[in-house]
Amino acid sequence: MSPVSAGPGSAAPPRRSQLFRLKPVDVIVAQHEEAGGSGLRRSMGLLQLTALSIGATLGTGIFVILGEAVPLAGPAIVLAFVLAAVTALFSALSYAELAGSIPVSGSSYSYTYATMGELVAWVCGWLLMLEYGVSVAAVAVGWGAYIDDLAANTIGAVLSEALSAPPGDGGVVNVPAMVVVLLAMALLLRGTSESARVNTAMVVLKVGVLLFFCVVAFTAFRAGNLAPFVPMGVAGITAAASQAFFSYIGFDAASTAGDEARDPRRDLPRAIVLSLLVVTVVYCLVALAAVGAVPWPQISGSEAALADVLALATGQTWTAVLLSIGAVIAIASVVLTVLYGQTRILYAMSRDGLVPPVFSRVSRRRRIPVANTVIVSVVIALLAGLVPLGELANATSIGTLFAFALVNVGVIILRRSRPDLPRTFRTPLYPLTPVLGVLFCLLLVAGLGSATWLVFLAWMLVGLAVYFGYGYRHSALRTGA
């Protein structure tokens, strides 16, 4: 392709060829292999990468979203989780192929840059900000709800009100939600390897807590609680799956760590697929145990749903207290890993000139983007403290579904344009799998409400304004920087 002559300060209107100019795969990989991964330390193996994706996923929906989705589907919430899992699986397979072919930080942003061009890459990166940044805030709000539940069951309602946000969706001002984001920031600033070790320990703990929930809840299982199984019909299952999909956000977190993986071509695809399989099995078991243990209307609307289920099923508070303690730690690991992913996506976008260079400055001693981590954490802490959970979760889901759809399209394009490219993982049943991935994403998008669509459109308009106001003018691909 011929170079573009316009300089960084040029006011000339963008030509279509400039907006959709590709960043070749070979160039992307070469840039990220320079200096041992562009300044970031390669310290993560398969275990740490899998734990990263599980940590970013497991707990988000089960601990927080279950109470929001159950009213839409009743006992069929189990099928809603399966539908959401199938949708995620198609996209996970596409992610795995692209992660093995383009083993760099940046996740789907980097993949679309290589397959669909700069403008689409920007859109995808902007959607990833919605997926990662906003989901951190949403999960932090749920963390505040479990802090409230834990305090109410242990040290009284008065202290609970002093420590936590008002009952409901959080916001104005949810102090615990802000605190957990800032604690995650402090840990990330210590370094990647330290954060990975803490996250792996948290993942083991959260799996243990959820298995404890299943054991206790299944002792109170009553088949009558599952009848009628589909009270809201198929439409209810689809609507619940659209919300439940939020609980699968994060399985792609390993793809943001391409510059810090020791063997990214081999380990990234494995970590993505393995983490999704583990999460799906756990989610379906927990959902079935919950709706079988107590009548589903009693779960509706609760942000601390699992703790409430144990309290109702056993009539004892100690089980709810233990579950809440586990949830507080488990949800904190989601905040930690998803916050990490957000900073690495901005790092990749900054290296390409699409966002300010402050986001790609790496500390020589710690080998991490310090300013990036602090800026992102403070913004997300404010978002978590002031915006309700429901609005955050829905906005995150629609952005993620569109980003996943683009990844599926990217697999098809790269298979056609670069059939010679080395691939350590190939999506099975190609091209059926990525095509179904796109269709299932669109199905779940259709189940989201009009208010969510308005938020999404407003976000996209802001994103396009930022791109044409800054990103296009400073693009490293366009300016030759």
Scanning the range 419-462 residue by residue, those hydrophobic (A, V, I, L, M, F, W, C) and touching a Pro at 6+ places or on another chain (Cβ under 8 Å) turn out to be Phe425
Only one of (1) of a type in the set (Lys, Arg); (2) touching a residue at least 60 places away in the same chain (Cβ under 8 Å); (3) within 20 Å of Thr112 (Cβ to Cβ) fails for Arg366. Which number is that? (3)
Give the residue, chosen from Asp259, Asp267, that is within 30 Å of Val25 (Cα to Cα), at pLDDT 80 or above, acidic (Asp, Glu) and in contact with a helix residue (DSSP H, G or I) (Cβ under 9 Å, 6 or more places away or on another chain). Asp267
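The rows are residues; the columns are (1) surrounded by fewer than 24 Cβ atoms within 10 Å (Cβ to Cβ); (2) at pLDDT below 75; (3) of a type in the set (S, T, N, Q).
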residue	(1), (2), (3)
Thr115	no, no, yes
Leu119	yes, no, no
Cys124	no, no, no
Glu131	no, yes, no
Gly142	no, yes, no
Asn153	yes, yes, yes
Val158	yes, yes, no
Leu163	yes, yes, no
Asp169	yes, yes, no
Regarding Ala30, is this residue surrounded by fewer than 18 Cβ atoms within 10 Å (Cβ to Cβ), in a helix (DSSP H, G or I) and modelled with pLDDT under 80? yes
Could you list, in sequence order, the residues of the range 251-270 that are more than 15 Å from the chain's Cα centre (by Cα) and in a helix (DSSP H, G or I)? Gly258, Asp259, Glu260, Pro264, Arg265, Arg266, Asp267, Leu268, Pro269, Arg270
Go through the residues of the range 358-367 one by one and say whether even a single one is at pLDDT 90 or above, in a helix (DSSP H, G or I) and at negative phi. yes
Any residue at all in the range 187-201 that's of a type outside the set (Asp, Glu), more than 13 Å from Thr337 (Cα to Cα) and in a helix (DSSP H, G or I)? no
Residue pairs, Cβ under 6 Å, 6 or more apart or interchain, first in the range 264-288 and more than 17 Å from Val334 (Cβ to Cβ) and touching a residue at least 24 places away in the same chain (Cβ under 8 Å), second aromatic (Phe, Trp, Tyr) and not in a helix (DSSP H, G or I). List them. Pro269/Phe425
Only one of (1) surrounded by 16 or more Cβ atoms within 10 Å (Cβ to Cβ); (2) over 21 Å from the mean Cα position of the chain (by Cα) fails for Gly469. Which number is that? (1)
Test Val407 against the criterion of being modelled with pLDDT of 90 or more and either touching an Asp or Glu at 6+ places or on another chain (Cβ under 7 Å) or crowded, with 24+ Cβ neighbours inside 10 Å (or both), and give yes or no. yes
Can you tell me which residue among Asp263, Asp252 is among the acidic types (Asp, Glu) and surrounded by fewer than 24 Cβ atoms within 10 Å (Cβ to Cβ)? Asp263
State yes or no: is Gly292 surrounded by fewer than 24 Cβ atoms within 10 Å (Cβ to Cβ), touching a Phe, Trp or Tyr at 6+ places or on another chain (Cβ under 9 Å) and farther than 28 Å from Val179 by Cα? yes
For the list (1) under 23 Å from Gly144 (Cβ atoms); (2) of a type outside the set (Lys, Arg); (3) surrounded by fewer than 19 Cβ atoms within 10 Å (Cβ to Cβ), I need the number of the one condition that Cys284 fails. (1)
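The values are calculated or read from the model by the stated rules, or taken from the named source; none is laboratory data. Remember, predicted model here, so these are calculated numbers, not experimental data. A quick note on method: Cβ atoms are made from the backbone with ideal geometry, for glycine too, and the neighbour counts reach across all protein chains shown.
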